[in-house]
Structure formats: C-alpha cells, structure tokens
1. Just to be sure, is residue 165 out of contact with any strand residue (DSSP E or B) (no Cβ under 8 Å at 6 or more places or on another chain) and surrounded by 15 or more Cβ atoms within 10 Å (Cβ to Cβ)?
2. Whether any residue in region 158-166 is within 14 Å of residue 285 (Cα to Cα) and in contact with a Phe, Trp or Tyr (Cβ under 9 Å, 6 or more places away or on another chain) is what I want to check.
3. Would you check if residue 7 is under 16 Å from residue 87 (Cβ atoms) and either at pLDDT 90 or above or surrounded by 10 or more Cβ atoms within 10 Å (Cβ to Cβ) (or both)?
4. Among the numbered conditions (1) open to solvent by 40 Å² or more (accessible area, probe 1.4 Å); (2) β-branched (Val, Ile, Thr); (3) modelled with pLDDT under 95, tell me where residue 198 comes up short.
5. Could you grab me the full set of residues in region 30-50 that are in a helix (DSSP H, G or I) and either among the small types (Gly, Ala, Ser) or free of Cβ contacts under 8 Å to residues at least 12 places away in the same chain (or both)?
6. Looking at region 112-149, which of its residues are open to solvent by less than 30 Å² (accessible area, probe 1.4 Å), in contact with a helix residue (DSSP H, G or I) (Cβ under 7 Å, 6 or more places away or on another chain) and of a type in the set (Val, Ile, Thr)?
7. Working only within region 261-282, note down all residues that are β-branched (Val, Ile, Thr) and open to solvent by 50 Å² or more (accessible area, probe 1.4 Å).
8. With respect to residue 46, determine if the residue is surrounded by fewer than 10 Cβ atoms within 10 Å (Cβ to Cβ), modelled with pLDDT of 80 or more and within 33 Å of the chain's Cα centre (by Cα).
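The values are calculated or read from the model by the stated rules, or taken from the named source; none is laboratory data. In this text, all values refer to a predicted model and were calculated from it rather than measured experimentally. Here the Cβ is made from the backbone with ideal geometry for all residues, glycine too, and neighbour counts use every protein chain on show. Just the protein is used for accessible areas: all its heavy atoms, side chains included, with ligands, DNA and RNA removed. Shrake-Rupley method; radii C 1.70, N 1.55, O 1.52, S 1.80 Å.
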Amino acid sequence: MKKKILILFLLFLVAGLYISWKIFGPTISAPENKYFYISSGASYNEVKTNLGDQKIISGSFFFDLIAKRVKYNKNIKAGRYEIKTGSNLINLIRILKAGRQSPVRLVINKIRTKEDFAGKIGQQFEIDSTEVIHFITNNDSLIKFHLDTNTVLTAIIPNTYLYWWNVSFKNMFTRFTDQKEKFWNAKRSQKAVLLNLTPEQVYTMASIVEEETIKQQDKGLIASVYINRIKKGMKLEADPTVKYAMRNFGIKRVLHGHLAFPSLYNTYQHTGLPPGPICTPSINTIDAVLDAPKTNYIFFVAKPDFKGYSNFAETYKQHLLFAQAYRRALDSLISSRNK
C-alpha cells in the first residue's frame, strides 16, 4: 500500500513539475525575426495557430488553458510584439493581453517620390502602400493639413520616428504634421520670411539643393544661386528637376533633348520653384537654405577635380570658363575609361 502511495506521489510530483515547466519554464522560442505580428481583426484561433506555426510555443494545450483562464481569448490586441527566447508562457500571455507592443523605428532619409514613400511605409507597417498613395494623392485628405498633392511631402521632416506597427496612416500623417509644426519654429519661420519664401518653398528649394550636392559647405552657396535667380525672375534651370520630371534618376548628364520634357517640375521650362519638392531633404540642407549667404552668384558648375565641390560665378563669361574646364576634364575621363 505504501509503495502504491509512493508511486502515486512520484507520478503527481513528476506531473506537477512537467506542468510547472510548461507554464513557468523557459519554453518560449523567438520567431525568426524576433517579432510576432498580430493583424488587426485577428481571431484568437489565428493567434494561437500562428504561435504554433512559428514555433514560438511547442503546443497549444497549456497556452489555451491559461489564455482562456485570463480571458485573453476575448481580448486580442493587434500589434508587433518582441518575443525573447527563454521566456515563459505566463509572460508571453501577459505581454499579448496587455498589448505591450514594440514600436517600429521609421527612419526617413532622402525619399524621391510619393510612390517610394508609400512603399517604405507599406514594408514596415500593417498599412497597405495603396492606402498611403490614395491618401497622399487626394486633395480632400490633405486640405485639413493645408497641403496638396504637390506639397504633401513637405510634411515629412527626415528624422527617426517611433510608431506602433498597426497605426493608421491618418494618425501617422497627423504626427508627421505635428513634427513639421515643431520644426518650423519662430526662428526658422522668420528666416523663411526674410527670404520671401514660405516654409514649403524653402523645403522645395532644399530638395533641389539636396540633389545637387552632398557637400555641406556648398549647399548654402547653391541655395544663394537659386535665391538670386528667383529675385531676377530667371529660370532655375536645375538639372535634378528634369530628372525628377522624367522619373529617371539614373541620368548622368542632362542633355538638350531632356530639357524639352513637358512638366511643371522642369525648371528649364518654367520660372520659379517647382510646385513641390523633388525629394525629402535633410534638416542640414533645409537649414543651409535658410542660412544661405548673400552672394551675387548666378551660376555654378562642378569643379574639374571631381571631388564633388562646385565653382561659382557672378557672370556668364566667368561661368563659361568654369564649365569648359569641367567638360574638358569629363571628356578626358570618359576617353581614358574607354581605352
């Protein structure tokens, strides 16, 4: 009799240890990319199945038991959850039930087109890229933000943003515009006024400068050229606007045939700034435009040493000398490569 009792005791002990291990032991495995995603509107059974399919849990029995006991099965919260290997079932369910998401770091650098922007959002968030395109190409969506389909990207100040994975694009965009308002503080706004430009126009000019050079010390000088041309009623004749108009960013040399491409963004055809930016310029570039030095420069061309800097000129005669020197150097370089 004592032997049977001992055996039963040991069986209960083993069973208790097994159950404790399954519930409190480090049985959870991280998914391949360490994040587990629950889509908006997902059912409890979908969540449970996905946890098993991704081998985060080894079986559904104990998950089911605890989840239903704490009523997680009636309280599914969409999101992106970081799952750590070695965690336990209790902690996993607590995280999911509490909706303790891990935010997505959205890093905005230079983006050229609305389609590129929509694609980036679609890749990192639950939002479908077509939803983004529909929003940012619809003036009815943008009017409340005092933007239109040309100026919409001026709301995107390149920076690092934290958003929940399942955020709606409307809320995301509202946050972008909030950050834009903070960026255009009294100091920056006053500088724009002194240039006789709106913040959106400064942003648009900065986008052209951004495409012209990566050299910070040249950015303000290039901006001064464009400011001077606007004051004189001259066309900007900025090559990057032609590339943008044609949506051909691989063009190495803008030729005469390219200049005829019909577009409001082609500054060889139209006076003044284009109707919107041709990329999302960095904060440093925007500030370089706002702090552009006062010069008499009307022209600039790349220096013949190919180090990325430009020669600036006040007269067309002086500019021709710089341009001829650059063309000779470029022709020589191309000739040497073709040998």
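1. Working: out of contact with any strand residue (DSSP E or B) (no Cβ under 8 Å at 6 or more places or on another chain): no; surrounded by 15 or more Cβ atoms within 10 Å (Cβ to Cβ): yes.
It is false that residue 165 is out of contact with any strand residue (DSSP E or B) (no Cβ under 8 Å at 6 or more places or on another chain) and surrounded by 15 or more Cβ atoms within 10 Å (Cβ to Cβ).
2. Keep residues of region 158-166 that are within 14 Å of residue 285 (Cα to Cα), which gives 158-159.
Restricting the remaining residues to those that are in contact with a Phe, Trp or Tyr (Cβ under 9 Å, 6 or more places away or on another chain) gives 159.
So far as region 158-166 goes, yes, one or more of its residues are within 14 Å of residue 285 (Cα to Cα) and in contact with a Phe, Trp or Tyr (Cβ under 9 Å, 6 or more places away or on another chain).
3. On the way: under 16 Å from residue 87 (Cβ atoms): no; either at pLDDT 90 or above or surrounded by 10 or more Cβ atoms within 10 Å (Cβ to Cβ) (or both): yes.
Considered against the rule, which asks whether it is under 16 Å from residue 87 (Cβ atoms) and either at pLDDT 90 or above or surrounded by 10 or more Cβ atoms within 10 Å (Cβ to Cβ) (or both), residue 7 comes out as no.
4. (3)
5. Residues satisfying the conditions are 45, 46, 49.
6. The answer is 121, 127, 132, 136.
7. Within region 261-282, the first condition is being β-branched (Val, Ile, Thr), and the residues that meet it are 267, 271, 278, 280.
Answer for region 261-282, where residues must be β-branched (Val, Ile, Thr) and open to solvent by 50 Å² or more (accessible area, probe 1.4 Å): just 271.
8. Values: surrounded by fewer than 10 Cβ atoms within 10 Å (Cβ to Cβ): no; modelled with pLDDT of 80 or more: yes; within 33 Å of the chain's Cα centre (by Cα): yes.
Here the answer is no, as residue 46 does not meet what is asked.
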